[in-house]
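Before any comments, here is the structure.
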Amino acid sequence: MQIFGVDIGGSGIKGAPVDLDPDRGDLAHERHKVLTPQPATPDEVAGCVVEVVRHFDWDGPVGVTFPGVVTGGLIRTAANMDKGWVGVEAADLLSQRLDGRPVTVLNDADAAGIAEMAYGAGKGRDGTVIMLTLGTGIGSALFRDGRLVPNTELGHLELKGHDAETRASVKAKEDHELTWERWAHRVQKYLEHVEMLFSPDLFIIGGGVSRKPEKFLPLIEDVRAEIVPAKLQNNAGIVGAAMAAKAAKAAKGR
Ligand code: BGC
């Protein structure tokens, strides 16, 4: 079965039809990407989502990720996006712009997490699993026996008096010109803090850096939980968005 997934990020808005067969969980076609407009207002971004969906002449349900807290299709926070998003009924807005196609919106890290749990590094893993996406911000997805607890926002925990994502995200590494060693040390302190709170069995580390796990994972010590890089990497958000749209469709049919 194919469903369309779109991933809204700070630099790009990308999407593709996703093949959700149990042994696939991958893009059915090469993804289409447009640059995120600046400022990334709801109206401008909605236009980009429409462009990505139209590129494939897609006519069915659409799942969309957003880098903020999303409850019932409503955007509640937008730490690294245009603040005009806060309070927007994003699922309704996008559905209108897409001529009534059903749209499901969820947090970007939650989307990446459900994709990793179904098809990637978390497949078959019970217990407490925490996926962390290290990028412009830090996103989190918490699972207990495979079930997601949405919108955990662990990137905004306080670390040494600062918002954690301003110390341990990839953007923080770039902004402060940190070596891999120094950055890995910060990531370690962050993981220790999250471990103290949740005692997870497994950490899955996603975001662009999951492509270079050898640069920093071996430098991380003193964390009891197993730590593995994400497997789906760049496409996890798109796949997870499509999964969420499929689940919403199934729930409606009941
Ligand atoms: C946002 C999260 C998001 C993460 C990654 C954070 O700043 O608050 O909702 O998942 O960035 O994009």
Residues located in segment 189-213, provided they are among the polar types (S, T, N, Q) and within 21 Å of the chain's Cα centre (by Cα): Ser210
Residue in segment 119-144 that is nearest to Leu197 (Cα to Cα), counting only those that are open to solvent by 30 Å² or more (accessible area, probe 1.4 Å), modelled with pLDDT of 95 or more and in contact with a Lys or Arg (Cβ under 9 Å, 6 or more places away or on another chain): Asp126
Members of segment 160-188 that are buried (at least 18 other Cβ atoms within 10 Å of the Cβ) and not small (Gly, Ala, Ser): Glu165, Arg167, Val170, Lys173, Trp183, Arg186, Val187, Gln188
Flag if Val62 is open to solvent by less than 30 Å² (accessible area, probe 1.4 Å) and under 18 Å from Thr136 (Cα atoms): no
Hits in segment 150-159 (condition: more than 12 Å from the ligand (Cβ to nearest atom) and either open to solvent by 70 Å² or more (accessible area, probe 1.4 Å) or not assigned by TED's automatic domain parsing to the domain that holds Lys215 (or both)): Glu158
Test for Glu226: is it out of contact with any Gly (no Cβ under 7 Å at 6 or more places or on another chain), farther than 20 Å from His156 by Cα and at pLDDT 95 or above: yes
Close pairs (6 angstrom Cβ cut-off, 6 or more residues apart or separate chains): under 15 Å from Val194 (Cα atoms) in segment 160-171, open to solvent by 60 Å² or more (accessible area, probe 1.4 Å) and near the ligand (Cβ under 10 Å from one of its atoms) anywhere: Asp163/His156
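The values are calculated or read from the model by the stated rules, or taken from the named source; none is laboratory data. Everything numeric in this text was worked out from a predicted model, so none of it was measured. Cβ atoms come from the backbone with ideal geometry, glycine included; neighbour counts cover every protein chain shown. Calculation scope for accessible area: heavy atoms of the full protein, side chains included, ligands and nucleic acids excluded. Shrake-Rupley method; radii C 1.70, N 1.55, O 1.52, S 1.80 Å.
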